[in-house]
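Trainee: Below you'll find the structure I mean.
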Amino acid sequence: MKEHKGILVFAEQRAGKLSSVGLELLGIGRKIADKQQEELAAVLIGHKVGPLADELGEYGADKVYLADNLLLDVYRSDAYTILMQEVIQQYKPNILIMGATCIGADLAPRVAAKVNTGLSAHCVGFDIDDQGRFVGQVPGFGGAVMASVICPNHYPQMATARPGFFEKLERQKGRKAEVVKVDVKFKEEDLKIKVVGTFVEELKSRPLEDADIVVAGGYGVGGKENWKLVEELAGVLGAGVGATRPPCDEGWADLERQMIGQSGKTVRPTLYIGVGISGAMHHLVGIKNSKVVVAINKDPNAPIFQAADYGIVGDLCQIIPRLIEAMRVSS
Amino acid sequence: MKPINSVVCIKPVPDQRFWDKVSLDKKTKTLRRTGIPIALGPLDKNALEEALRIREASGGKVTAISMGPPGTEEILEWAIVLGADEAVLLTDRAFAGADTWATAYALAWGIKKLGGADVVFFGNESLDGSTGQVGPQVAEFLDMPHVTHVNKLDLVGEDALRARFHIEHGFIDVEVKRPVVIAVEKTINEPRCPTLWGTIWLRERKIIRWSADDVGADKAKIGLPGSPTQVSDVITIELKRKSEILSGEPSDVARLLVQKLQADSALPKG
Amino acid sequence: MPFEVTHEQEIARKIAQEFAEREIVPYREKLREEDEDFLRQLNKKEAGAGFHLSLVPREEGGIGLGHVGKVIVVEELVAAYPTMYASISRDFAYVFAKATGGEVKEKWMPRFLKGEAQAAPFINEAQGGSDVLNFTTTARKEGDHWVINGRKCFIGAGHKADFGMVLAKTGDPMDPATRGIRSLSAFIVEKDMPGYKVERVEESMAGRDTASLRFDNVRVPESYLVPPGVGRGLTPVFMAVWDVGRMGICGCLTGCILGCCRASVKFAKERALFGKPIYNLQAIRHRIAEMYVDLAAARSLTYRGAWLRDKGLSSRLEQSAAKYFTTQAALRASLHAIHIHGGSGNMVEYMPQAYYRFVPLLIAGGGTDEIMKDTVGEAAVSGANPVMGARGAEESGFYIM
């Protein structure tokens, strides 16, 4: 009889709001739990976060291990590690998945070391192999290589998952999870890390790294006037506007917030449209995780066409207005 | 101020300029890296820089440590050229094939043999593996607190540090008494340029070599045998895009593209 | 005799490379525009990095990399931008201060070590640097001072020098004891001495790197006469030009070849013609190959000449060969680079034209091709072996520069 059972996910919350990644993990967790015919649970740690447990149930959790205490208000690795260890040792999950967010990446390895188990990092896929082992798909070398990683002899089999790679389930209003309370047995004096300040940015617009759609312009856009077309297309799509270096140097775009590439931002949108971009390697590195890549360029030999799903050879001044029109018509 | 001693953990990674020459051995499922020069990773440089700044503020020593095969001396040498007082290479066949757990274990034992440290620095993630896991795991084995994603670090009082844990769209500022493990991000500082004085330091300072026995590591907990995770398969990803060129009149091409994007569910709904 | 570049010298190269990549390459436009503020900042950074101390022995407060190490460092800095050659002029301050000793050394050595003093040899005159016996700059004794009158031109970094070593005529044509090669003496002149003036900064196609200097009754104390003394001025001059200047210049020219190679390979990979990068065209690859062979040969001659100096062996032959060869090779390489770049080769945004405009400055500087070939030719006729080269004892007699 297997001692370790059940899929456990870490439901990250910040300031009383569940991070999307926790819900994504419930999505993939549900698939694995169903395949294994085991239970799917979530760990929720924070202060006054009871209502979030309900939300976790609606997104697929069968059970929620809830640790709710003033000491847990803001994330601290030592406090959270102790609680994770408690849950793991008491409830012995088979598999534990956490989001590879900043907090997840800070917490997961500590937990893995503490409970003496293996941890696969930044997985973009999961599976159960024919020997019943939990497999994480881990990209390496800038994405050129994909490794399948297993943890055959230690439990729980742990992994962190890349945010944005997995789908959350459809929310089922009223679906309830069983809430199991986890007691906090330590005091402030027992903790080595003291929180002295927190800050959360008021985002005026979504940072480019989080955008679902990105429209980026390159030197081929040609001028400030034409750049407005790029921005207009982005506006119609609700997209973030990115750029390569030359438009930033020319002043059509902002280097800090918009430059995409090896020395700039990495984006992972569902749709990326590159306008007037030749497709130099250092830019392509920043967009390769895009689901669908579209390139519009006057030069049929531009390397970007090899790195795109769809390419249009033509003058952006002709193409973009008609593209905007076609999108308006279709929606 | 009491002198603060730092240990900087660095990792040999293939020089990024030659990454396209790294190939996958399909039989052994390992990456063929021979002949490709190794380099100090960019975040390791930030980590070393932060340690050097603490030394400038407080005195104390900076020791660079790395676990790797023979040849890893090159990055330890470069750490000395940049200013580290000494360097330690943990090298032993028994260390090979380690995952992050076994690597962290070996490094922790090496740091114990050094007599510990006030601050143990890491780059937040390495260039090749980029798991970001070894720092917190070393902290666990050394029973020290850790802070990762640090983009600001200050000395506070007699014995503490204030670190800024950079999270998505914000940060959490924490204060921790030393000893502590800190993993830094690239924006924490601008790594210094090496100077020719580094050639003199290289003549005068030592690279110490330790085997698994030298540090007293349990052979069952290092290398491949000590690794709870294993790689069961590796494949190269050929990022094959459709490369479908749409031709025709601008209005036709535009409409065609929209159709295809809708079919791919790439357009926003509604 | 076999020689190899040491591990330490390779590390020195990497250090110079990183400095060049971070502090020079991104600012090429400022160097092209000769932005004085930027140059001042850059000089400070170079000083902080200790590049001016490459040649100075450890015991004297330097880095002690020897001539080979220095040449390698110069090569990397010059490859980043050719006018960085001004950096190599810096250790003249060390050479002159050390050779003169006394109050000159006390005054200038500490400042030099901090990177705050620059010096240049004030040798060349309008009637030709090779024809030293016909120089018109004079120095006459007045009590315990010497009074110097005359003009010098094409003095590299002359306008930036805090002091220099002037070669002046002290001999009396009527007195056989002070005729011919015994008619010349060397003196230290400082920039704020009354009567000394930078007459004008000369503008060459490379930029404003040389100057004309004027000496109007410049008085220098006896202690400013450079040993070994009156009538023996050629000795310190040879030391400056041979020991320090010439190898630095060879390193500089090798750096130009290196820069041409790098720029050409990069361009050939990026520039497409007929649908493919141009390195696929044999004609381009052949040009690149010629540059690479020239680079390898330039390095061999330069490093070996420097290595012989480090070993304390006579290397006049090797240095002459290196100087003549590297000049020609650098001219070839810059032309190849321009060809490879096509029309862009002429454009200031690309590097080949920078090397092309700069190299000719060094045809005459540090010893002309013609004189170098004279040296080598004479030695060949006297039975010198170009492979073994070193003949042990220092040669006496003189070689006209």
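The values are calculated or read from the model by the stated rules, or taken from the named source; none is laboratory data. Everything quoted here is computed from the prediction, not taken from an experiment. Using ideal geometry, Cβ is built from the backbone for each residue, glycine included, and neighbour counts are taken over all protein chains shown.
Trainee: Which ones in region B:182-214 are in contact with a strand residue (DSSP E or B) (Cβ under 7 Å, 6 or more places away or on another chain), of a type in the set (A, V, I, L, M) and more than 10 Å from every other protein chain (Cβ to nearest Cβ)?
Mentor: Once the filter is applied, which keeps residues that are in contact with a strand residue (DSSP E or B) (Cβ under 7 Å, 6 or more places away or on another chain), of a type in the set (A, V, I, L, M) and more than 10 Å from every other protein chain (Cβ to nearest Cβ), region B:182-214 yields B:182, B:184, B:188, B:207, B:208.
Trainee: Just a yes or no: is a residue in region A:87-105 part of a strand (DSSP E or B) and at the interface with chain B (Cβ under 9 Å from one of its Cβ atoms)? Steps first, please.
Mentor: Here is the first cut: in region A:87-105, the ones part of a strand (DSSP E or B) are A:95-99.
Still in the running and at the interface with chain B (Cβ under 9 Å from one of its Cβ atoms): none.
The answer is no; no qualifying residue exists.
Trainee: Moving to a separate point now. Is it the case that some residue within region C:270-278 is exposed (fewer than 15 other Cβ atoms within 10 Å of the Cβ), in a helix (DSSP H, G or I), of a type outside the set (Ser, Thr, Tyr) and not assigned by TED's automatic domain parsing to the domain that holds residue C:65?
Mentor: yes
Each row is one residue, and each column tells you yes or no for (1) without any contact (Cβ under 8 Å) to a residue 12 or more places away in the chain; (2) out of contact with any strand residue (DSSP E or B) (no Cβ under 8 Å at 6 or more places or on another chain); (3) within 18 Å of residue C:11 (Cα to Cα).
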| site | (1), (2), (3) |
| --- | --- |
| B:6 | no, no, no |
| B:10 | no, no, no |
| B:15 | no, no, yes |
| B:21 | no, yes, no |
| B:48 | no, no, no |
| B:55 | no, no, no |
| B:62 | no, no, no |
| B:84 | no, no, yes |
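Trainee: Okay, moving on. Can you say whether residue A:180 is farther than 21 Å from residue A:97 by Cα and outside the structural domain of residue A:269 (by TED's automatic domain parsing), as far as the supplied structure shows? First the steps, then the outcome.
Mentor: Values: farther than 21 Å from residue A:97 by Cα: no; outside the structural domain of residue A:269 (by TED's automatic domain parsing): yes.
The answer is no for residue A:180.
Trainee: Let me ask something else. Among the residues of region A:153-205, how many are in contact with a Cys (Cβ under 9 Å, 6 or more places away or on another chain) and surrounded by fewer than 17 Cβ atoms within 10 Å (Cβ to Cβ)?
Mentor: Of the residues in that region, 0 qualify.
Trainee: Out of region B:12-33, which residues are in contact with a Phe, Trp or Tyr (Cβ under 7 Å, 6 or more places away or on another chain) and either assigned to a strand (DSSP E or B) or aliphatic (A, V, I, L, M) (or both)?
Mentor: Answer for region B:12-33, where residues must be in contact with a Phe, Trp or Tyr (Cβ under 7 Å, 6 or more places away or on another chain) and either assigned to a strand (DSSP E or B) or aliphatic (A, V, I, L, M) (or both): just B:22.
Trainee: What residue, among those in region A:306-330 that are assigned to a loop (DSSP other than H, G, I, E, B) and not aliphatic (A, V, I, L, M), is nearest to the other protein chains (Cβ to nearest Cβ)?
Mentor: Looking at residues that are assigned to a loop (DSSP other than H, G, I, E, B) and not aliphatic (A, V, I, L, M), I get A:309.
Table: residues versus (1) assigned to a strand (DSSP E or B); (2) surrounded by 21 or more Cβ atoms within 10 Å (Cβ to Cβ).
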site: A:3; (1), (2): no, no
site: A:23; (1), (2): no, yes
site: A:27; (1), (2): no, no
site: A:33; (1), (2): no, yes
site: A:42; (1), (2): yes, yes
site: A:51; (1), (2): no, no
site: A:56; (1), (2): no, yes
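Trainee: Have a look at A:81, A:101, A:117 and point out the one that is polar (S, T, N, Q), at pLDDT below 95 and either in the same structural domain as residue A:165 (by TED's automatic domain parsing) or touching a His at 6+ places or on another chain (Cβ under 8 Å) (or both).
Mentor: Step by step, each of A:81, A:101, A:117 is checked, and only A:101 is polar (S, T, N, Q), at pLDDT below 95 and either in the same structural domain as residue A:165 (by TED's automatic domain parsing) or touching a His at 6+ places or on another chain (Cβ under 8 Å) (or both).
Trainee: A follow-up question, please. Return yes or no: is residue A:244 of a type in the set (S, T, N, Q) and within 14 Å of chain B (Cβ to nearest Cβ)?
Mentor: no
Trainee: Taking region B:95-105 only, how many residues are at pLDDT 95 or above and surrounded by fewer than 22 Cβ atoms within 10 Å (Cβ to Cβ)?
Mentor: So the answer is 0.
Trainee: A further question on this structure: Just to be sure, is residue A:228 more than 18 Å from residue A:208 (Cβ to Cβ), more than 11 Å from chain B (Cβ to nearest Cβ) and in contact with a Gly (Cβ under 7 Å, 6 or more places away or on another chain)?
Mentor: On the way: more than 18 Å from residue A:208 (Cβ to Cβ): yes; more than 11 Å from chain B (Cβ to nearest Cβ): yes; in contact with a Gly (Cβ under 7 Å, 6 or more places away or on another chain): no.
The answer is no for residue A:228.
Trainee: Then there's this: Which residues, counting only those in region C:327-350, are more than 17 Å from residue C:262 (Cβ to Cβ) and among the β-branched types (Val, Ile, Thr)? Reasoning before the result, please.
Mentor: Narrowing region C:327-350 to residues more than 17 Å from residue C:262 (Cβ to Cβ): C:327-328, C:331, C:342-343, C:346-348.
Those that are more than 17 Å from residue C:262 (Cβ to Cβ) and among the β-branched types (Val, Ile, Thr): C:327, C:348.
Trainee: Here's something else I'd like to know. Going through region A:247-264 one residue at a time, which ones are away from chain B (no Cβ under 13 Å) and surrounded by 17 or more Cβ atoms within 10 Å (Cβ to Cβ)?
Mentor: A:247, A:248, A:252, A:253, A:258, A:259, A:260, A:261 - these are the residues of region A:247-264 that are away from chain B (no Cβ under 13 Å) and surrounded by 17 or more Cβ atoms within 10 Å (Cβ to Cβ).
Trainee: Something else about it: Just checking, which of B:36, B:4 is surrounded by fewer than 23 Cβ atoms within 10 Å (Cβ to Cβ), within 13 Å of chain A (Cβ to nearest Cβ), out of contact with any Leu (no Cβ under 7 Å at 6 or more places or on another chain) and not in a helix (DSSP H, G or I)?
Mentor: B:36
Trainee: Scanning for something small (Gly, Ala, Ser) and touching a helix residue (DSSP H, G or I) at 6+ places or on another chain (Cβ under 8 Å), does region B:160-182 turn up at least one residue?
Mentor: Within region B:160-182, not a single residue is small (Gly, Ala, Ser) and touching a helix residue (DSSP H, G or I) at 6+ places or on another chain (Cβ under 8 Å).
Trainee: Hey, another quick one. Of the residues that sit in region A:130-152 and are more than 21 Å from the chain's Cα centre (by Cα) and more than 7 Å from chain B (Cβ to nearest Cβ), which one is surrounded by the fewest Cβ atoms within 10 Å (Cβ to Cβ)?
Mentor: A:130
Trainee: Which residue pairs have Cβ atoms closer than 7 Å, lie 6 or more positions apart in sequence or on different chains, and pair a first residue in region C:204-217 that is on the phi < 0 side of the Ramachandran plot with a second residue that is exposed (fewer than 13 other Cβ atoms within 10 Å of the Cβ)?
Mentor: Final answer for the pair search is C:208/C:34.
Trainee: Is it the case that region C:208-223 has a residue that's modelled with pLDDT under 90 and among the hydrophobic types (A, V, I, L, M, F, W, C)?
Mentor: No: region C:208-223 contains no residue that is modelled with pLDDT under 90 and among the hydrophobic types (A, V, I, L, M, F, W, C).
Trainee: To continue, here is another question. For region B:192-226, give me each residue that is in a loop (DSSP other than H, G, I, E, B), surrounded by 21 or more Cβ atoms within 10 Å (Cβ to Cβ) and at negative phi.
Mentor: To start, the set of residues in region B:192-226 that are in a loop (DSSP other than H, G, I, E, B) comprises B:192-196, B:205-206, B:211, B:216-218, B:222-226.
Applying the additional criterion that residues be surrounded by 21 or more Cβ atoms within 10 Å (Cβ to Cβ) yields B:194-196, B:217, B:222-223, B:226.
B:194, B:195, B:196, B:217, B:222, B:226 - these are the residues of region B:192-226 that are in a loop (DSSP other than H, G, I, E, B), surrounded by 21 or more Cβ atoms within 10 Å (Cβ to Cβ) and at negative phi.
Trainee: Which condition number does residue C:196 fail, the rest of (1) under 18 Å from residue C:237 (Cα atoms); (2) crowded, with 17+ Cβ neighbours inside 10 Å being met?
Mentor: (1)
Trainee: Which residue is farthest from the chain's Cα centre (by Cα), if the candidates are limited to region A:299-331 and must be buried (at least 22 other Cβ atoms within 10 Å of the Cβ) and not hydrophobic (A, V, I, L, M, F, W, C)?
Mentor: Checking each candidate, the answer is A:311.
Trainee: OK, next. More than 11 Å from every other protein chain (Cβ to nearest Cβ) and buried (at least 21 other Cβ atoms within 10 Å of the Cβ): is that true of residue A:294 in this structure? So that I can check it myself, show each step before the final result.
Mentor: Numbers: more than 11 Å from every other protein chain (Cβ to nearest Cβ): no; buried (at least 21 other Cβ atoms within 10 Å of the Cβ): yes.
So residue A:294 does not fit the description; no.
Trainee: Determine which single condition residue A:127 fails, assuming it passes every other condition in (1) assigned to a strand (DSSP E or B); (2) crowded, with 21+ Cβ neighbours inside 10 Å.
Mentor: For residue A:127, the failing item is (2).
Trainee: Taking the residues in region B:16-30 that are hydrophobic (A, V, I, L, M, F, W, C) and more than 14 Å from residue B:126 (Cβ to Cβ) as candidates, determine which candidate is farthest from the other protein chains (Cβ to nearest Cβ).
Mentor: Ranking the candidates gives B:18 first.
Trainee: Here is a follow-up. Considering only residues that are at the interface with chain B (Cβ under 7 Å from one of its Cβ atoms) and either assigned to a strand (DSSP E or B) or in contact (Cβ under 8 Å) with a residue 60 or more places away in the chain (or both), which ones fall in region A:107-121?
Mentor: Selection gives A:119, A:120, A:121.
Trainee: Return yes when residue A:125 is closer than 26 Å to residue A:37 by Cα, more than 7 Å from every other protein chain (Cβ to nearest Cβ) and touching a residue at least 24 places away in the same chain (Cβ under 8 Å) and no when it is not.
Mentor: Spelling it out, residue A:125 is indeed closer than 26 Å to residue A:37 by Cα, more than 7 Å from every other protein chain (Cβ to nearest Cβ) and touching a residue at least 24 places away in the same chain (Cβ under 8 Å).
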